[in-house]
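Values quoted throughout were computed directly from the atomic coordinates according to the rules given, and no laboratory measurement underlies them. Keep in mind it's a predicted model, so treat the numbers as computed, not measured. Glycine gets a Cβ as well: all are built from the backbone with ideal geometry, and neighbour counts include every protein chain shown.
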Amino acid sequence: MHPTLAFIGGGNMASAIVGGLLKAGRPAAAFLVIEPHGPQRDKLRADFGLDALPAPTPALAQAELVVWAVKPQSFAEAAQAARPWLSQALQLSVMAGVRSDTLAQAAGTERVVRAMPNTPALIGQGIAGLFAREAVTALDRAEVETVLAPTGRSLWLSHEAQLDAVTALSGSGPAYFFYVCEAMVQAGVELGLPEAQARELALATCGGAAALALQSPEPLATLRERVTSKGGTTHAALESLRADAVGAAFARAVKAAAARAEELGRPAP
């Protein structure tokens, strides 16, 4: 059986996609993984029974879809090695910053889709923003959605520049969440709770609040107000956050991430 899906890079995001598709019934023979690092190839073999290759071979030309999952700074070298066998396949990138113009030129095809996933994809709870170049067909889009479905949700964007905002909001977003949870746990410990219990309370509270918000059609402000009684404990906490301008600080942080994403995508001088 010829491989129908090739991965350039076999790290965490590639593994999340491969693992999900294997569970969904795709045979291991449908995958070709190029991974130059020996320990990661060993991990792919142990986790999925896949024998990844250290470098591209002509077998890459059989793939109908090529997923780019290398670090952005490694893209140019990886693309140069793979270029002879890329032009007939749909290209899907899960790399931050690398623009579709760069991908199209490197791969020799205009059938390019960029995706910005996030790390909850590792447990099937991620969300990815997607952008397709004009040459990408409706069938191509459907294939991309099928490939990414095991990692979570996805949404299509109309402009590639919006991927910088997606990178800042949801791509980097899990780190913001963990940062807040770390602070909540520390506060709980300082208030006398054992660390394990403070962690469980913080994570269950945040996870439950997110689940409630996802299921509710009401604005987030309304959900917040329902927990906030004038003069109560939540009101005291929110007033402290406002006094410290935490909301404005978060907005600046997200905008800083977006600016960095845009900077990473600029062509090298």
Item to check | 5 angstrom amide H check on S154, placed H, neighbours 5+ away | outcome: A128
Item to check | Around R45: net Lys/Arg minus Asp/Glu count, Cβ-Cβ under 14 Å | outcome: -2
Checklist entry - Between T57 and Q215, what FRET efficiency comes out of the Förster formula 1/(1 + (r/R0)^6) with R0 = 41 Å and r the beta carbon distance, rounded to 0.05? => result 0.30
Checklist entry - What are the residues whose amide H is under 5 Å from the amide H of N118, where those residues sit 5 or more places off or on another chain and H is modelled from the backbone? => result I127
Checklist outcome for this item: Here the relative contact order (percent) of the stretch 1-152, from C-alpha pairs under 8 Å and at least 6 apart, is 23 percent
Checklist entry - Along the stretch 180-185, what does the Karplus equation 6.51 cos²θ - 1.76 cosθ + 1.60 (θ = phi - 60°) give for ³J(HN,Hα), rounded to whole Hz, x for Gly and Pro? => result 5, 5, 4, 5, 5, 4
Checklist entry - Which angle between 0 and 90 degrees, to the nearest 10, do you get for helix 246-264 versus the longest principal axis of the chain when only C-alpha atoms count? => result 10 degrees
Item to check | Under 5 Å, built H, 5+ apart or other chain: amide partners of V67 | outcome: A6, F7, I8, L92
Next on the checklist: At a 10 Å Cβ-Cβ cut-off, how would you order D164, D47, D140, fewest neighbours first?
Outcome noted: D47, D140, D164
Next on the checklist: Calculate the FRET efficiency for N12 and A104 from the Cβ-Cβ distance with a Förster distance of 25 Å, rounded to the nearest 0.05.
Outcome noted: 0.45
Checklist outcome for this item: Here FRET efficiency (C-beta to C-beta, A138 to L223, R₀ 41 Å, nearest 0.05) is 0.65
Next on the checklist: What are the ³J(HN,Hα) couplings of the stretch 57-73, residue after residue, when phi is run through the Karplus curve with 6.51, -1.76, 1.60 and θ = phi - 60°? Round to Hz, x for glycine and proline.
Outcome noted: 9, x, 4, 4, 5, 7, 6, 8, 9, 10, 9, 8, 9, 8, 5, x, 5
Item to check | Whole-Å distance, taken between Cα centres, linking the stretch 8-49 and the stretch 119-179 | outcome: 20 Å
